[in-house]
Amino acid sequence: MTPREKLVHDSATVVLVSLDCPGYSSYATALLRESLKADPRLPDLRVATLSIPAGYDPWWLVWRLARLQPAPDFVCFSVYCWNSAELTTAARLCRQVLPEVQIVFGGPEAGPQADEWLARYPWLDAVALAEGEQVLPELIWSWVRGGDPTTIPGLAARDHNKTPVPATPAVPLEPLDDLPCAYTDEHPPATDGSAYLETYRGCPHACSYCFEGKGLKRIRSFSQERIAAEVARVATTPGMTSFSVIDAVFNLSTDRLERLAQIFEPYAQRGLRLHTIEVDLEHIDDHQAHLLARCGVASVESGPQTTNPRALDLVHRRFDPERWLEGLHACQAQGILVEADLIIGLPGDSPADVRASLDFVAQSGADILQVSTLRVLPGTDLWQRADELGLRFDHEAPHEVISTPDITFDELRQLETYGFAVQKLLRARLDAR
């Protein structure tokens with residue numbers, strides 16, 4: 001009996017691997033685990049998760065996979081720009097140590113490059129482009145019964161002759177309430193601030209540098225009842241003091257924020273806090289700031305990324321400095337910390353424009369500054385328009401910009417130094433309060 005024939009007849013083992021930053025616990029992996037376990041077609045499927053800290057040696061990661069009993073039949077990696085190098089190395093080694101294992105990639109780094117990666121990496125069996133909770137159960141079901149995975153929408157895979165086949169489009173998951181909860185009695189949320197929830201999927205914006213919502217601008221929301229149940233599950237976990245909501249924009253509308261406040265407020269009154277949620281600061285007035293405080297929000301994060309109108313236009317982003325400052329002050333009046341984000345190296349920005357943006361944030365009274373150098377990410381508008389805009393960037397992850405028509409490589413390094421100095425200044429100012 002061949003390994004594939006054995007797999008068809010016996011129960012299978014799936015291992016979901018995530019490489020996580022300190023203080024972060026992969027919410028995506030938890031959702032994938034519960035989606036696989038909830039599939040009635042796979043009652044005997046064994047699902048394990050392996051959370052590895054960033055910087056972990058790929059050879060030791062594969063050693064841990066090789067020691068598992070029973071041995072994994074499928075190993076699935078969540079690949080992002082910042083962990084791509086480690087995980088591609090681990091996957092390549094995994095194929096050599098466990099030659100019969102099926103290797104699956106997903107995530108924002110792998111999905112947009114699915115066809116290229118299947119052609120480049122002979123050890124890679126499939127890449128999910130669509131939402132993993134939809135694609136992965138279909139893929140495992142196809143494999144365990146000896147089917148053809150190339151017919152699954154949203155999946156690029158190899159046929160029985162090992163030939164890569166591009167993905168066909170997938171319909172976004174809907175209704176979202178059909179998804180199982182990420183946290184269960186067997187797998188409760190972490191209580192160290194690294195638990196996460198989402199109340200909708202998609203993004204109302206279309207910023208050229210961002211892959212948020214996988215390009216899906218239409219908002220798909222969980223029901224009010226589902227959100228309340230998920231919040232209760234996390235908020236009532238013994239030892240829970242804070243967690244985060246990963247929505248692209250938490251304050252989508254005032255009406256919606258009022259409904260969320262009704263859900264979160266009872267737990268906020270007991271001391272539970274939400275930290276570092278993404279907001280549209282320009283939409284926040286005194287009323288919205290009060291609603292955020294009722295939700296227990298401790299800190300918010302919001303642009304402007306740049307204050308230069310030309311650069312904002314090129315990356316399809318809006319910024320109203322007066323309204324942004326009003327939102328900042330409204331949040332701070334409610335005791336909510338404000339973190340401002342700036343990107344160095346956006347098309348259209350000169351060194352003087354970057355320094356002006358840094359000076360604006362420093363003088364705004366923002367509590368925290370997050371400075372990053374532009375990454376031209378696969379699947380984004382900037383990735384597609386890089387030649388048109390004159391962006392030179394490293395095509396290997398994490399895809400940092402090398403130069404633009406207005407900023408040289410040397411100037412980028414100088415601007416980073418200036419940005420980090422302003423960042424430290426704001427941190428020192430905050431610590432001195």
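Report summary: the helix-based calculation at 222 nm, which adds -39500 (n - 2.57) for every DSSP H run with n ≥ 4 and divides by the residues of the chain, gives -11500 deg cm²/dmol. Taking the accessible area of the chain, probe 1.4 Å, and keeping the other protein chains in place, the carbon and sulfur fraction comes to 52%.
For segment 335-432, trypsin sites (Lys or Arg not before Pro) meeting the loop criterion (DSSP other than H, G, I, E, B) and having at most 12 other Cβ atoms within 10 Å: none. The slack in the chain from LEU68 to ASP44, taken as 0.36 nm per residue of separation less the alpha-carbon distance, amounts to 6.9 nm.
In the context of the full set of protein chains, segment 142-277 has a per residue accessible area of 46 Å² (1.4 Å probe). Averaging the Cα positions of each part gives two centres, and for segment 17-90 and segment 183-248 these lie 20 Å apart.
Stretched out straight at 0.36 nm per residue, the stretch from GLN96 to ALA229 would grow longer than its current Cα-Cα span by 43.5 nm. Close amide-amide hydrogen proximity is noted between LEU155 and LEU129, THR168, each under 5 Å apart and 5 or more residues distant or on a separate chain (H modeled in the peptide plane; Pro and chain starts excluded). Taken about its Cα centre, the chain carries a charge dipole of roughly 820 debye when the Cβ of each Lys and Arg holds +1 and the Cβ of each Asp and Glu holds -1. The residue list THR150, PRO70, THR29 was ranked by how far each Cα lies along the charge dipole of segment 3-165 toward its positive end, using unit charges on Cβ atoms, and PRO70 comes out on top. Taking amide H atoms as placed 1.01 Å from N in the peptide plane, the amide H of GLY303 lies under 5 Å from those of ASP341, each 5 or more residues away in sequence or on another chain. When GluC sites (Glu not before Pro) are flagged only if DSSP places them in a loop and at most 16 other Cβ atoms lie within 10 Å, the longest unflagged stretch of the chain comes out as 187-395. Segment CYS181..ARG220, full-extension length gain: 12.4 nm, with 0.36 nm per residue of separation and the alpha-carbon distance subtracted. Excluding ligands, DNA and RNA, the accessible surface per residue across segment 327-433 is 45 Å² with a 1.4 Å probe.
Placing a label point 7 Å from the Cα of PHE420 along the Cα-to-Cβ direction, the residues of segment 336-351 whose backbone N falls under 15 Å from that point are 344.
Here nothing in the chain passes the span test, since no DSSP H helix has an alpha carbon length of 27 Å or more along the helix axis and a Kyte-Doolittle mean of 0.5 or above.
Cα gyration tensor of segment 17-65, axes a ≥ b ≥ c as square roots of the eigenvalues: rounded (a/c below 1.5), prolate (a/b > b/c) or oblate? Since a/c reaches 1.5 but b/c is at least a/b, the shape of segment 17-65 is classed as oblate. Taking the Cα centre of segment 3-165 as reference, the dipole from Cβ charges on Lys and Arg (+1) and Asp and Glu (-1) amounts to some 400 debye.
The values are calculated or read from the model by the stated rules, or taken from the named source; none is laboratory data. Only a predicted model underlies this, so the values are computations on that prediction, with no experimental measurement involved. Positions of Cβ are backbone-derived with ideal geometry, glycine not excepted, and every protein chain shown enters the neighbour counts. In case anyone asks, the SASA skips ligands and DNA or RNA and just uses the protein heavy atoms, side chains included. Shrake-Rupley method; radii C 1.70, N 1.55, O 1.52, S 1.80 Å.
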